[in-house]
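Remarks on the structure that follows.
The values are calculated or read from the model by the stated rules, or taken from the named source; none is laboratory data. As the structure is a computational prediction, the values presented were derived from the model and not from experiment. Here the Cβ positions follow ideal geometry from the backbone for every residue, glycine too, while neighbour counts run over all protein chains shown. When the accessible area is computed, the model is the full protein with side chains, heavy atoms only, and any ligands, DNA or RNA have been set aside. Shrake-Rupley method; radii C 1.70, N 1.55, O 1.52, S 1.80 Å.
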Amino acid sequence: MLSSGSAPTPPIFALERLGIPGSMSSLSRELVFLILQFLDEEKFKETVHRLEQESGFYFNMKHFEDLVQAGEWDEVERYLGGFTKVEDNRYSMKIFFEIRKQKYLEALDRHDRAKAVEILVKDLKVFASFNEELFKEITQLLTLENFRQNEQLSKYGDTKSARSIMLIELKKLIEANPLFRDKLTFPPFKASRLRTLINQRSNFWFSLNWQHQLCKNPRPNPDIKTLFTDHSCATPANGARAPPPTNGPLVGPIPKSGGFPPIGAHSPFQPVVSPSPSAIAGWMANANPPLPHAAVAQGPPGLVQPPNTAAFLKHPRTPTSAPGIDYQTADSEHLMKRMRTGQSDEVSFSGALHSPNIYSQDDLPKTLARTLHQGSNVMSLDFHPVQQTILLGCYSNHGSTVQLLILIVVVFLIQITFVCLIVGTNVGDIGIWEVGSRERIAHKTFKVWNIGSCTLPLQAALMKDATISVNRCLWSPDGSILGVAFSKHIVQTYAFIPNGELRQQLELDAHVGGVNDIAFSHPNKSLSIITCGDDKTIKVWDVTTGQKQYTFEGHDAPVYSVCPHYKESIQFIFSTSIDGKIKAWLYDCLGSRVDYDAPGHWCTTMAYSADGTRLFSCGTSKDGESHLVEWNETEGAIKRTYSGFRKRSLGVVQFDTTRNRFLAAGDEFTIKFWDMDNTNILTTTDAEGGLPASPRLRFNREGSLLAVTTSDNGIKILANTDGQRLVRMLETRPFEGSRGSSQQINAKPPITLGAAVSNVSSPLAVASERPDRVLPAVSLSTLASMDVKPRISNDSDKSKTWKLADIADPAHVKALRLPDSVATSSKVVRLLYTNSGLAVLALGSNAVHKLWKWQRTERNPSGKSTASVPPQLWQPSNGVLMTNETSDGNPEDATACIALSKNDSYVMSASGGKVSLFNMMTFKVMTTFMSPAPAATFLAFHPQDNNIIAIGMEDATIQIYNVRVDEVKTKLKGHQKKITGLAFSQSLNVLVSSGADAQLCMWSIDGWERKKSRFIQAPPTRAAAPLVGDTRVQFHNDQSHLLVVHESQLAIYDSKLECLSSWSPRDPLPAPISSAIYSCDGMLVYAGFCDGAVGVFESESLRIRCRIALSAYISPSISSSAGAVHPMVIAAHPSEPNQIALGMSDGAVYVVEPSDAEPKWGTAAPPPQENGPHLPAPSNPPVTSAPTAEPPPR
């Protein structure tokens, strides 16, 4: 029996018949592939698949699909058995379960009860020990006349479609199963390869040896490594043996890894040459300035945590080649003793230690150069340490000056190829952006790679609440590894390939609760990752093996940030916790050696200047008081306190340092800058608006670029003059990793970046021998002296100004009229996508709901709504319609309303009668409530409790209703006419209502008192009479800005109900507005008009981006026969920002997307300076006190 997770052993007897022993060498394995190719070419299909199964070397997915589609279940399991068994791992178990479940359901569908019972007992019983409840539920299907009566199986179609859907799931499981790794792709080699070898000589080994004799310089003992290609010995140069391919004439010999400091910045440490033993004892009194040190890195969300900060003694770390250090030395004890007592023999900050101020305010990056739209709230960001800037080699006595100059040019050309920025979000996503091209070159959504290896607390936490956020993302020093810390237990690392690819490397179930920060270090020769979390511990792990090396305990509250560091040969870690304590640890597990109090006694992070000589910290107290200070390391005392923070900061303030001269912090919707030697604010910038209260921020290594987060789920890149020059050079260069392989067939061999940069820069190897000759990285400001031709501007660029895109041709859009077998003259009055994006739900004026579902197919593997594939008009097998109760009057005259639960399981709806709660699977009415009169006119679920519903009423009141206890908790009064809109903001803790009286009211969720009200104003082109008519409201993703929709206008309001910008109908969209909604990413506003047109607006400025004419999405024959047709309601897809659905006045529903040629609506975006008025920065709620046992919200 195989143990769990082990690879299945291939049957021996079949291999022995081929003369291959059971324990197979690489060449023997290749021989099997040659035989498989030969058998396939000779059309011995059954033998091919038998050998595939018995060898276990190649899983033929096409053969497997054919077996499944044919329903040959015994053969399916027999073929799978050559590669895995049920008990091998969770993926294998799931694969076999899905196959046997499908076989069982098909027997039930044929009403073959005897066969179904046999499958249940023989095949499915094995899974009962793993999930008894599931087995019971499967058994109960025997008692149903039709198993589709089970809610979970209500969507089961016919046998063919069910097998196709299952195949999609099986392929995903097989691809994820580690036992199938390297077995899904047949190795490439020429056709008839085995026949070629046989024809050359009767014995294939002799054939290869015969080829060897044809080599120009045959070796005495040839090394035959593969059967797939003909053998040839390497050709030596000038009679000598050929050098390895990595050693080129330009770069000389390749140094050993770790022989010189890796090229990097913004890393947890900057490796340098280890000092001599004689220097260790007197390091505190040594007045020589230390070697350059990396600047601060961004900290965990809510607070900037530099990877090279955590407390009071920051300095460059040892190189990878440094010998292991015995921490139980007198030196280390002496160091920590002085740290505790604050002896004054350590050098203090003096004027001579600091370089003179040679910078000006113009060196600060304050000009907006790029805006990147991530789509979800950015929690952490970090510039790549290697690929982001220009590097110079070091002078060497070895090799010629010409070689060095060529190397410098090569490295220069490589390094300006792209500027990478990693971001992590509040939904667990990570993305890598190439700043120059604005291209997101990599994107990963959160998933647990191996749930079977996770602890029970983690599995329970994920079952209870699957939402997860990125707390920290960080590059390793050389940029070859990306570390990501999540809000539940997990740390994941990826290997970063220079083409933008992220490969899974390591997954750690690191802490109970959230992992609040990570950092990289070299406590020994190998790279380690340090983690801290809610369980009050700090842990050190080997990055390669995942082995835990150290655990540090001693904090009394969750640990918020960590910072590995070293002074001379003594390495230690600083940690901060949310009770304001700062501790220091040696790598000896003997407890903390330092215990300080941080200003504010709450969330604090610390950072050194780039050269490691000055220490700063920034933090915010529970009362919102922020502190940015410089420390005297010797005394553990504050040396300088910087002013300029508001009395109550709205969030935990974050900061960064740059150029050994400037500090930057995000506060009051702006970025504030200080000179390190002056406590007063130097200057500020609002980045042209749109920043949150406390934006996260991050400098690149040279300080020429500054990345800041925005309130609309994006990132703004600010630049100084050098940064603007860099971005301009990169904007016309496509990211190299996105080019197809066909473009590089005749290209020169690429020089890899990241960790492999050291192999290019061989002259740098002597840096370890001559630390006094290390040169700093070249600044972009020095490019003026280099022979670099400036980019010649093209006049055509100037003409690419923004203009309105008017789409009237059906060829310029993808539009799909959803199929509808029921002819009706009713209008579509309510329309929405399900939260999963897999279906569209419409409510007609006749009180009947219609649900369209997209199926997973080869054309649409995700199963999400699309205009390219028609969906099914879905109904339960009993044919029941989902119909609202109506009053005695005409339902066409009633105000309909609808709301969907977060999990898409239930929909609440009304059409003038009682409010009905429907099951979305069966269309059955679960309950009804709120009998008219008055009738319900709008519904909204409470954001924190699905059992609480805000119901707008026809009598102008709002009833807060508890479904569970069938009770109206309170009734809100303030409007004069019926309620037509409701919107909750969880961050503002308010409900905003709108009515047919054109009034907006804001209500506190806590006590339901009215906080503010305001009537919307008539546009200047309209008579001054008070407005009336339906008014709708919707909060932006930032939960602060409010979209207000009236037939006379679109308007954006802030959290105080102040109008920030508005737009009223005029050419080219003169008709009254029928409906409007934000796109899912909040970047656009879609509006429908009563003449049939659809307008696409930029949400920030309400500038018209695109007009979609009726003729673009409706054929002329339909529009002419139906008379005046227009969209009554518009819906935005929950995850595709450029897809909308339109509910029409003739009862039709259309899904509309841009064409494949232009995947986004509109033409080139307008220049930033022409965007019109910008929204003021949104108002976020102040920081509230949190229990000391929990970290602050991220």
**Asked** Do we find that GLU1058 is at pLDDT below 95, within 18 Å of ASN713 (Cβ to Cβ) and out of contact with any Pro (no Cβ under 6 Å at 6 or more places or on another chain) in this structure?
**Response** no
**Prompt:** Out of the range 421-440, which residues are open to solvent by 30 Å² or more (accessible area, probe 1.4 Å) and of a type in the set (A, V, I, L, M, F, W, C)?
**Reply:** VAL427
**Item:** Subset of the range 627-656 [out of contact with any Lys or Arg (no Cβ under 8 Å at 6 or more places or on another chain), farther than 18 Å from SER577 by Cβ, not hydrophobic (A, V, I, L, M, F, W, C) and not in a loop (DSSP other than H, G, I, E, B)]
**Value:** LYS639, ARG640, THR641, TYR642
**Prompt:** Which one of the conditions (1) within 23 Å of LEU474 (Cα to Cα); (2) open to solvent by 30 Å² or more (accessible area, probe 1.4 Å); (3) polar (S, T, N, Q) does SER592 fail to meet, given that it meets all the rest?
**Reply:** (1)
**Item:** Enumeration of residues in the range 525-539 that are open to solvent by 10 Å² or more (accessible area, probe 1.4 Å) and out of contact with any Phe, Trp or Tyr (no Cβ under 9 Å at 6 or more places or on another chain)
**Value:** LYS525, SER526, ASP534, ASP535, LYS536
**Asked** Just checking, how many residues over the range 642-667 are over 17 Å from LEU706 (Cβ atoms), open to solvent by 10 Å² or more (accessible area, probe 1.4 Å) and touching a residue at least 40 places away in the same chain (Cβ under 8 Å)?
**Response** 4
**Request:** Name the one entry in ALA983, ALA1018 that is on the phi < 0 side of the Ramachandran plot, open to solvent by less than 20 Å² (accessible area, probe 1.4 Å) and not aromatic (Phe, Trp, Tyr).
**Result:** ALA983
**Request:** Output the residues belonging to the range 83-107 that are within 23 Å of LEU51 (Cα to Cα) and without any contact (Cβ under 8 Å) to a residue 24 or more places away in the chain.
**Result:** PHE96
**Asked** Do any residues in the range 673-688 that are touching a residue at least 60 places away in the same chain (Cβ under 8 Å) and surrounded by 15 or more Cβ atoms within 10 Å (Cβ to Cβ) have Cβ atoms under 8 Å from those of residues that are assigned to a loop (DSSP other than H, G, I, E, B) and small (Gly, Ala, Ser), where the two are at least six apart or on different chains, and which pairs are they?
**Response** MET676/SER609; ASP686/ALA1177
**Prompt:** Across the range 152-173, which residue is nearest to ASN878 (Cα to Cα) among those that are open to solvent by 50 Å² or more (accessible area, probe 1.4 Å) and outside any helix (DSSP H, G or I)?
**Reply:** LYS155
**Complete:** Checked against (1) open to solvent by less than 30 Å² (accessible area, probe 1.4 Å); (2) modelled with pLDDT under 50; (3) within 30 Å of the chain's Cα centre (by Cα); (4) not small (Gly, Ala, Ser), LEU413 satisfies every condition except (1)
**Message:** Restricting to the range 695-710, give me the number of residues that are open to solvent by 10 Å² or more (accessible area, probe 1.4 Å) and modelled with pLDDT of 90 or more.
**Reply:** 1
**Request:** Would you tally the residues in the range 846-867 being open to solvent by 10 Å² or more (accessible area, probe 1.4 Å) and either over 22 Å from SER1155 (Cβ atoms) or charged (D, E, K, R) (or both)?
**Result:** 9
**Complete:** A careful count of residues in the range 58-112 that are within 35 Å of the chain's Cα centre (by Cα) and either part of a loop (DSSP other than H, G, I, E, B) or within 15 Å of ASN177 (Cβ to Cβ) (or both) gives 23
**So VAL1028, is it β-branched (Val, Ile, Thr), closer than 26 Å to GLU1100 by Cβ and not assigned by the TED database to the domain that holds ASN377** = no
**Request:** Could you give me the residue pairs with C-beta distances under 7 Å whose first residue belongs to the range 502-513 and is more than 23 Å from PRO457 (Cβ to Cβ), whose second residue is of a type in the set (Val, Ile, Thr) and in a loop (DSSP other than H, G, I, E, B) wherever it lies, and which are 6+ apart or on separate chains?
**Result:** ARG503/ILE497
**Prompt:** Only one of SER1040, SER1055 is in contact (Cβ under 8 Å) with a residue 60 or more places away in the chain, under 18 Å from SER1013 (Cβ atoms), of a type in the set (S, T, N, Q) and open to solvent by less than 40 Å² (accessible area, probe 1.4 Å); which?
**Reply:** SER1055
**Asked** Which of the residues spanning the range 868-886 are of a type outside the set (Val, Ile, Thr), open to solvent by 50 Å² or more (accessible area, probe 1.4 Å) and in a loop (DSSP other than H, G, I, E, B)?
**Response** SER868, PRO870, GLN875, SER877, ASN878, LEU881, GLU885
**Request:** Count, please, the residues in the range 441-457 that happen to be open to solvent by less than 40 Å² (accessible area, probe 1.4 Å) and either in a strand (DSSP E or B) or closer than 20 Å to THR709 by Cβ (or both).
**Result:** 2
**Members of the range 627-666 found to be touching an Asp or Glu at 6+ places or on another chain (Cβ under 7 Å), modelled with pLDDT of 90 or more and of a type in the set (Gly, Ala, Ser), listed by number** = ALA664
**Request:** Please work out if ALA933 is under 23 Å from PRO1134 (Cβ atoms) and either assigned to a strand (DSSP E or B) or modelled with pLDDT under 90 (or both).
**Result:** no
**Message:** Out of everything in the range 584-623 that is over 28 Å from SER643 (Cα atoms) and of a type outside the set (A, V, I, L, M, F, W, C), what residue ends up being nearest to the chain's Cα centre (by Cα)?
**Reply:** TYR587
**Asked** Among SER6, SER25, SER55, which is the only one that is at pLDDT below 90 and in contact with a Gly (Cβ under 8 Å, 6 or more places away or on another chain)?
**Response** SER55
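Here's the yes/no breakdown for (1) open to solvent by less than 10 Å² (accessible area, probe 1.4 Å); (2) part of a strand (DSSP E or B); (3) touching a Ser or Thr at 6+ places or on another chain (Cβ under 7 Å):
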position	(1), (2), (3)
VAL512	no, no, no
PRO523	yes, no, no
TRP541	no, yes, yes
THR545	no, no, no
GLN549	no, yes, yes
ALA557	yes, no, yes
TYR560	yes, yes, yes
TYR566	yes, yes, yes
**Complete:** Note on SER987: of the conditions (1) polar (S, T, N, Q); (2) at pLDDT 95 or above; (3) not in a strand (DSSP E or B), unmet is (2)
**Prompt:** Any idea which of THR927, THR886 is out of contact with any strand residue (DSSP E or B) (no Cβ under 7 Å at 6 or more places or on another chain), over 26 Å from SER1004 (Cβ atoms) and touching a residue at least 12 places away in the same chain (Cβ under 8 Å)?
**Reply:** THR886
**Request:** Starting from residues that are open to solvent by less than 20 Å² (accessible area, probe 1.4 Å) and out of contact with any Gly (no Cβ under 6 Å at 6 or more places or on another chain), keep the ones in the range 82-97 and report whichever is nearest to VAL126 (Cα to Cα).
**Result:** PHE96
